[in-house]
Amino acid sequence: MTPDQAQLAVAPGDPCAVRPYAEADDTGVIRGWLELVRARSGLGTTGLRTRLELGTVAGRYNARCRGAMVLVARMAPEHTRAWLELALAVSRSLVAQAKRVRVLLPCDACDLPPVAAFVESAIDLGVALHVAPEVDSSLIHWNGLGVVYFVGGRMRLDTGGPDAIAELLGAWLDAADPLRHVTRRRVVRLLAAGHTDAVAARKLGISERQFRRHVSGLMLDLDAGSRFQAGIEAARSMQW
């Protein structure tokens, strides 16, 4: 990122140590990071006190944007649950309007129950999920319109810096890996749709052998004698 990458590594969260590099940075990543630090501290942002206020902002931005990016950082459990509920509601609205949603999660958080439930719901919506070793902030970014940050359980709206952090978020996303998360719900839906193993595996981003292994596990769990019976029993248990 800079001629002296070690400088950034030893000064996380310290804009004074990084600021001298911003002018020489052609990528915009450092300026984006400085903007992120500024906004997270509350400078130049507006507090959103309720979900209704967030809903008003999101409704306006969702209608005007082409898509949004959602980041989920590690937080206290109660804050994680609250943020995931908000992020999922915004994502549903965007998907309903045929807008693109990309989500970035920390790798080691995906097995936590609230995050796993969010992932399954997001996959059902068709959201693009990515994972990285670290995720710096919890936020929703509507490119060119605004950013809502979630810090310490509080929401803050920043309308002055969405373009400034776009390059930074893009760099984080480029460095992340797609999340290949296979859930029972997805396997059952693909079986019910009558897809061949090859098509179902391709939709899940896995091999045919891996897909057949998931189907076999489903049949074993449900004591089903056939794939068809497994699909029926699983659908019943999920109240579809």
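Annotations for the structure displayed:
- Residue count for the range 136-156, restricted to those that are more than 19 Å from Arg66 (Cβ to Cβ) and either surrounded by 19 or more Cβ atoms within 10 Å (Cβ to Cβ) or under 16 Å from the mean Cα position of the chain (by Cα) (or both): 7
- Any hit, the range 209-219, residues being farther than 23 Å from Leu129 by Cα and touching a Ser or Thr at 6+ places or on another chain (Cβ under 8 Å): yes
- One residue stands out in the range 89-110 among those that are in a loop (DSSP other than H, G, I, E, B) and in contact (Cβ under 8 Å) with a residue 24 or more places away in the chain: the one that is surrounded by the fewest Cβ atoms within 10 Å (Cβ to Cβ), namely Gln97.
- Which numbered condition Thr50 fails, given (1) β-branched (Val, Ile, Thr); (2) touching a residue at least 24 places away in the same chain (Cβ under 8 Å); (3) more than 30 Å from Arg189 (Cα to Cα): (2)
- Leu86 in contact (Cβ under 8 Å) with a residue 12 or more places away in the chain, part of a helix (DSSP H, G or I) and surrounded by 15 or more Cβ atoms within 10 Å (Cβ to Cβ): yes
- Among the residues listed as Leu129, Leu139, Leu112, Leu104, the single one being among the aliphatic types (A, V, I, L, M) and within 18 Å of Asn62 (Cβ to Cβ): Leu139
- Candidate set: the range 193-240, residues that are aromatic (Phe, Trp, Tyr) and assigned to a helix (DSSP H, G or I); chosen: the one nearest to Ile123 (Cα to Cα): Phe211
- Any hit, the range 66-77, residues being part of a helix (DSSP H, G or I), touching a residue at least 40 places away in the same chain (Cβ under 8 Å) and more than 22 Å from Val182 (Cα to Cα): no
- Set Ala89, Ala22, Ala17: member being more than 18 Å from Ala166 (Cβ to Cβ) and modelled with pLDDT under 95: Ala17
- Search result, residues across the range 181-192 that are of a type in the set (A, V, I, L, M, F, W, C) and in a loop (DSSP other than H, G, I, E, B): Val182
The values are calculated or read from the model by the stated rules, or taken from the named source; none is laboratory data. All values derive from a computational prediction rather than experimental measurement. Using ideal geometry, Cβ is built from the backbone for each residue, glycine included, and neighbour counts are taken over all protein chains shown.
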